[in-house]
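Have a look at the structure below before the remarks.
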Amino acid sequence: MALVLTDEQAMIREAADGFFASEAPVSELRRLRDAADATGFSRDLWKQMAEMGFAGVLVPEAHGGSGLGLVAANLIQEAVGRNLSLSPFLSTAVLGATALSGASEDQKAALLQKLAAGDLLLALASDEASRHAPHLIRTRAEAAGNGFRLTGAKTFVLDGHVADRLIVAARTSGEDGDRDGITLFLVDPKAAGVDVRRTIMVDSRNAADIRFDGVQVDGADVIGAVGEGAAILDRVLDAGRTCLAAEMVGVSAQSFSMTVGYLKERDQFGRKIGSFQALQHRAAQLYCEIELAKSATLKAAQALDAGDRDAPLYASLAKAKAGAVARLATNEGVQMHGGIGMTDEYDIGFYMKRARAAETSFGDLSFHGDRLARMLGY
């Protein structure tokens, strides 16, 4: 498949770029951070995103969405990265909607239309360790009555403090680290035994630490089949990794644009510093790296949309490449800005913080390097 956008996808990119630049620029991130906003994003903005069709981009038309696929979701997330816009798009519209693609028809009927309308927030509760290990599930789900009791803890749950439903990965059989025996559950965060504690990350985004103490769930709350949740979880994580890669492409591209603009303005030794050949070479190399990351990310999204059996490989490749490029782009941006790049007054520091957080979410370069090696048989 050619690494180019269709006319429809190009229109989505244009609409997303204009929307987030106008309605959720970096200045809005500053405002929410300085106000110590309890939600961490604007619910009015989320409703506007739903009206634009963004919330339901991965929801089938039969359930009130547009069903445009992951390439479209990536284009929206890339615009989010360029503007550092705060919203539950990744946690709800990408991770949540992808998880519900494996749900029962009753679950889909009850939840997907609300999700697409911006009336339902979801959060994936899977990670339990300080480093991403998707199958290291210690949270237990023991049979009880007509359902299960959940006991355990989750960390780095994106937007978990405001979610209307949690999608919880728990172990119904097997040992810690086994791929088999993982089951996904829909859990009400207000249920007895659920303790949600908000954490604010270095990039001013929200996560939560959540504990489950004998939380009762029904058999109807299981997503997919008991003990077979790993396949759904892997698909959800690969969708999230690909969208994070797209966001980091946006972070990188905007960091590059800001830095080049500064090089054209800053005088040193009576000359614009952009005229220095050494800085021109570094900028040219960074531009090429960003284009490579953009191509890898588009390929991953296309593969996931097409159900390509190599889609997990492309997702890891995109996440690893985009993370490395975002680190390079923001490092170069701060350095070329000089000492002022480290001050809160300049936006480039916000991009560096977001790049660091996004790079480690759902697996860093080391994680995906190991995953790629296993998939390629090394």
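The values are calculated or read from the model by the stated rules, or taken from the named source; none is laboratory data. Values in this document were obtained by computation on a predicted structure and should not be read as measured data. All Cβ positions, even for glycine, are placed from backbone atoms using ideal geometry, and neighbour counts span all protein chains on display. SASA here: full protein model, heavy atoms, side chains in, ligands and nucleic acids out. Shrake-Rupley method; radii C 1.70, N 1.55, O 1.52, S 1.80 Å.
Extension gain for Gln216 to Arg138 (0.36 nm times residue separation, less C-alpha to C-alpha distance): 26.4 nm.
For the pair Asp310 and Ser22, label points projected 7 Å from Cα toward Cβ lie 4.1 nm apart. The HN-Hα couplings worked out from phi for the stretch 208-225 by the Karplus form 6.51 cos²θ - 1.76 cosθ + 1.60 (θ = phi - 60°) are 8, 9, 10, 10, 10, 10, x, 6, 7, 10, 8, x, 5, 8, 6, 9, x, 9 Hz, whole numbers, x standing for Gly and Pro. Using C-alpha pairs below 8 Å separated by at least 6 residues, the relative contact order for the stretch 162-313 is 17 percent. Amide H contacts of Gly363: His132, each under 5 Å away and 5 or more positions distant or on a separate chain (H built 1.01 Å from N in the peptide plane; Pro and chain starts excluded). Placing +1 on each Lys and Arg Cβ and -1 on each Asp and Glu Cβ, with no other charges, gives the chain a dipole about its Cα centre of roughly 940 debye.
Per residue, the chain exposes an accessible area of 43 Å² to a 1.4 Å probe, with every protein chain left in place.
Computed from backbone phi with θ = phi - 60° and the Karplus coefficients 6.51, -1.76 and 1.60, the 3J(HN,Hα) list for the stretch 265-270 is 9, 6, 9, 8, 6, x Hz; x is used for glycine and proline. When you restrict to C-alpha pairs under 8 Å that are six or more residues apart and normalise by the size of the stretch 91-136, the relative contact order lands at 40 percent. Relative contact order of the chain: what whole-number percent is it, with Cα pairs under 8 angstrom and at least 6 residues apart? For the chain, the relative contact order is 16 percent.
If you take the charge dipole of the stretch 235-363 about its Cα centre, with +1 on Lys and Arg Cβ and -1 on Asp and Glu Cβ, which of Tyr346, Ala357, Leu328 is farthest toward its positive end? Farthest towards the positive end: Leu328. Mark the label point 7 Å from the Cα of Ile200 along Cα→Cβ and return the residues of the stretch 1-38 whose backbone N is within less than 19 Å of it. Correct set: 25-38. Fully extending the segment from Thr39 to Arg179 would add 47.0 nm, taking 0.36 nm per residue of separation and subtracting the current Cα-Cα distance. Go through (i) 164, 46, 31; (ii) 103, 41, 38; (iii) 79, 49, 39 and flag the label whose value is the computed Cα extents along the principal axes in Å for this structure. Label of the calculated value: (iii).
For the options Leu115, Leu58, Leu365, a Gaussian network treatment of the chain with springs between C-alpha atoms closer than 10 Å singles out Leu365 as fluctuating the most. The lysine pair tally for the chain, using Cα distances under 27 Å and a gap of 8 or more places or different chains, is 22. Taking label positions 7 Å along the Cα-Cβ direction at both Asp234 and Ser104, the computed distance is 2.5 nm, reported to one decimal. Backbone N atoms of the stretch 133-147 closer than 19 Å to the 7 Å Cα→Cβ label point of Ala192 belong to residues 141-147.
Where a ≥ b ≥ c are the square roots of the eigenvalues of the C-alpha gyration tensor, would you call the stretch 156-245 rounded, which needs a/c under 1.5, or, failing that, prolate if a/b is larger than b/c, or oblate? Oblate.
Within the accessible area of the chain, the carbon and sulfur atoms contribute 51%, probe 1.4 Å, all protein chains present. With contributions of -39500 (n - 2.57) from each DSSP H run of at least four residues, the per-residue ellipticity at 222 nm computed over the chain stands at -16000 deg cm²/dmol.
Per-residue surface analysis assigns Ile137 an accessible area of about 0 Å², computed on protein heavy atoms at 1.4 Å probe radius. Extension gain for Arg271-Asn331 works out to 19.3 nm (0.36 nm per residue, less the C-alpha to C-alpha distance).
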